[in-house]
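The values are calculated or read from the model by the stated rules, or taken from the named source; none is laboratory data. Quick caveat, the model's predicted, so the values are computed rather than measured. We place every Cβ from the backbone using ideal geometry, glycine too, and count neighbours over all the protein chains shown. Accessible surface areas use protein heavy atoms only, side chains included; no ligands, DNA or RNA. Shrake-Rupley method; radii C 1.70, N 1.55, O 1.52, S 1.80 Å.
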Amino acid sequence: MANHLYDGLLKGRETDSRTLLEVPGERSWSYAELVAVSAQLANLLLAQGVRPGDRIAVQVQKSVEAIALYLATVRAGAVFLPLNNAYTRSEVCYFLDDAEPAMFVCSSERKAEFDGIESRLFSLDGDGGGDLMQAAQAHATEFDNVAREAQDLAAILYTSGTTGLSKGAMLSHDNLLSNALTLVDYWHFNSDDVLLHALPIFHTHGLFVATNIILVAGASMIFLTRFDVDRMIEQMPHSNTLMGVPTFYTRLLADARFDRDLVAHMRLFVSGSAPMLAETHIEFEQRTGHRILERYGMTETNMNTSNPYTGERRVGSVGFALPGVDIKISDPETGAELAAGETGMIEVRGPNVFLGYWRKPEKTALELRDDGYFISGDLGKIDADGYVHILGREKDLIISGGYNIYPKQIESEIDTLDGVLESAVFGIAHADLGEAVAAAVVPVAGTELDPEELIRALEPALARFKLPRKLYLLDELPRNAMGKVQKNILRDKYA
Ligand code: MLC
Ligand code: AMP
């Protein structure tokens, strides 16, 4: 039956014996093989009673089987809900409570923590082990897809939007497919391309941009389970395109083996998810002769803007609104549209813009206007040539190595610790990660606190990438006349 996203991604390539994925040192997977495994998994989902619209929550290591599970979920008409594998048990509990998934797939280790609490619990490990694939093997390698239309829900990705509370962004089949089709065209992807894939697959960038594009183009990818400079340099000669966060590029540039000869054959380097410094763009071009193509996206909208494939890739800009996407700049206070060149709130409208936040209509109403514009929380301007520039963020957010970290969550955890009166969490410049987490903590009067111990005490609650890398003890937090904490003062002081 017609399944909007699956049909658009695979375009009848179900029996194609060409390589889709190559896991270096292990094996290659053809389109046909991955499709067959996804059929077994889709049959398993149905046999487990999964119904159209049910959520499948997934917190697993990056693996080919995890990609098959994504496709299986789409084929079964269910909703894919990937979670960062660094999330702690307590963070995962929040998502499971909120999303009420019909099934939770996690590592064998995590499964042991949830046994008896969650029903329909399966394990999938990085090497394909665990009981999910065992159970799937009993099922047929063919599957009659569940019918799904353009506006049906395909995925939920948790994000904190412009506020600070984690909300599930609901993405439809067409949100994902329309964006992948646009990007294949805009970035000239075709079936000869080989993408070096080193991003995690629990976020928009690695899953919906990188993977969906490769599927739509009928291309292939070299699938690295994580970013590692040695492996990147080893595999670069076998690929012709790369997508990464700025940290990928600064780490490659820090290695002398990454030179003009190594990348002479490369067709395209794309960067996004975090701002890339002008100096990185310039150094990259000087070293390699290639200019990185920077684009701008978001969990709620997939990709919004991109520098052109041909034509000037303007350093310091995230390029033009993609075809079919409208970008406007508005006054953050009044919402009134501003003139070209003026700085304000970036708003986005188009087939890429999500359906709203899962079970939070009041939050959706605050960020998604009736006329379809999504209020991004990013501040910027559109220059006279139509290039969009991101100039800041209104949302209180730290982007560290491409991961979004919401200060409010960390402050709430710090404030529960014994001896803490209050805290403020902010980002400080970090050469490798772009920004790193720092915290200013005010002890209760007369209490002695130890910064290292405070950080350790946060470990059960927070994924490790969110832990403050610096923690300063202060007598009081800087506040303005309204009593609001002035994080800019903290940022400047500890820069
Ligand atoms: C890992 N660590 C981080 C971190 N990643 N700390 C802060 N920020 C990060 N991003 C910490 C770990 O907790 C660990 O701490 C230590 O660093 C080493 O862990 P690692 O796993 O070995 O790290 P590494 O492999 O070096 O990972 C760094 C990275 C990775 C930059 C390669 O974070 C990464 O792949 N980032 C990409 C994120 C991404 O895909 N974002 C797209 C979001 S979608 P300890 O204490 O245990 O030693 C989006 C929309 C859009 O934004 O526009 O695309
Ligand atoms: P997320 O919510 O994880 O999808 O992160 C989206 C946010 O990442 C955006 O709202 C921007 O703040 C930021 N972002 C993505 N791409 C870029 C870019 N090229 N330059 C600057 N910021 C970016």
Mind listing whichever residues of segment 339-366 are over 24 Å from V79 (Cβ atoms) and small (G, A, S)? A339, A340, G341, G344
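For every residue, the table says whether it meets (1) outside any helix (DSSP H, G or I); (2) at pLDDT 95 or above.
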site: S423; (1), (2): yes, yes
site: V437; (1), (2): yes, yes
site: T447; (1), (2): yes, yes
site: P468; (1), (2): yes, yes
site: E476; (1), (2): yes, yes
site: G483; (1), (2): yes, no
site: L490; (1), (2): no, yes
State all residues of segment 38-48 that are in contact (Cβ under 8 Å) with a residue 60 or more places away in the chain and touching a Lys or Arg at 6+ places or on another chain (Cβ under 9 Å); if no residue qualifies, say none. S38, A39, L41, A42, Q48
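Rundown of residues vs (1) more than 12 Å from ligand 1 (Cβ to nearest atom); (2) within 21 Å of V318 (Cα to Cα); (3) in contact (Cβ under 8 Å) with a residue 40 or more places away in the chain, yes/no style:
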| position | (1), (2), (3) |
| --- | --- |
| R231 | no, no, yes |
| Q235 | yes, no, yes |
| L262 | yes, no, no |
| P275 | no, yes, yes |
| Y296 | no, yes, yes |
Given (1) among the hydrophobic types (A, V, I, L, M, F, W, C); (2) exposed (fewer than 15 other Cβ atoms within 10 Å of the Cβ); (3) modelled with pLDDT under 95, number of the condition L397 does not satisfy: (2)
Does A140 fit the bill of being in contact with a Pro (Cβ under 9 Å, 6 or more places away or on another chain), in a loop (DSSP other than H, G, I, E, B) and more than 15 Å from Q59 (Cα to Cα)? no
E422: passes all of (1) surrounded by 15 or more Cβ atoms within 10 Å (Cβ to Cβ); (2) within 15 Å of ligand 2 (Cβ to nearest atom) but (2)
Does I282 qualify as being over 30 Å from Y357 (Cα atoms) and within 12 Å of ligand 2 (Cβ to nearest atom)? no
Residue satisfying condition, being open to solvent by 10 Å² or more (accessible area, probe 1.4 Å), in contact with a helix residue (DSSP H, G or I) (Cβ under 9 Å, 6 or more places away or on another chain), outside the structural domain of G434 (by TED's automatic domain parsing) and not polar (S, T, N, Q), within set M298, M232, M243, M236: M298
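Residue-by-condition table, conditions (1) within 21 Å of H238 (Cα to Cα); (2) within 16 Å of ligand 2 (Cβ to nearest atom); (3) open to solvent by 10 Å² or more (accessible area, probe 1.4 Å):
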| site | (1), (2), (3) |
| --- | --- |
| N179 | no, yes, no |
| H188 | yes, no, yes |
| D193 | yes, no, no |
| F202 | no, yes, yes |
| F208 | no, yes, no |
| S220 | yes, no, yes |
Is it the case that segment 326-345 has a residue that's under 24 Å from D370 (Cβ atoms), open to solvent by less than 50 Å² (accessible area, probe 1.4 Å) and within 13 Å of ligand 1 (Cβ to nearest atom)? no
Check whether at least one residue in segment 265-277 is at pLDDT 95 or above, within 16 Å of ligand 2 (Cβ to nearest atom), surrounded by fewer than 20 Cβ atoms within 10 Å (Cβ to Cβ) and more than 24 Å from I213 (Cα to Cα), and report yes or no. yes
Here is a list of conditions, (1) among the aliphatic types (A, V, I, L, M); (2) open to solvent by less than 10 Å² (accessible area, probe 1.4 Å); (3) at pLDDT below 95, and I117 meets all of them except one; can you say which number that is? (2)
Only one of (1) under 24 Å from the mean Cα position of the chain (by Cα); (2) within 17 Å of E234 (Cα to Cα); (3) more than 14 Å from ligand 1 (Cβ to nearest atom) fails for F248. Which number is that? (3)
What strands (runs of 3 or more DSSP E) completely inside segment 348-406 contain at least 3 residues that are over 24 Å from A463 (Cα atoms) and touching a strand residue (DSSP E or B) at 6+ places or on another chain (Cβ under 6 Å)? 374-382, 388-393
Cβ contacts < 9 Å: first residue near ligand 1 (Cβ under 10 Å from one of its atoms), restricted to segment 396-424; second residue among the acidic types (D, E) and open to solvent by 20 Å² or more (accessible area, probe 1.4 Å), any location; separation 6+ or different chain. Result? I398/E435; I399/E435; S400/E435; G401/D432; G401/E435; I405/E435
Can you tell me which of V79, V74 is among the hydrophobic types (A, V, I, L, M, F, W, C), touching a His at 6+ places or on another chain (Cβ under 8 Å) and either more than 16 Å from ligand 2 (Cβ to nearest atom) or modelled with pLDDT of 95 or more (or both)? V74
Has segment 366-387 got at least one residue that is buried (at least 22 other Cβ atoms within 10 Å of the Cβ) and among the β-branched types (V, I, T)? yes
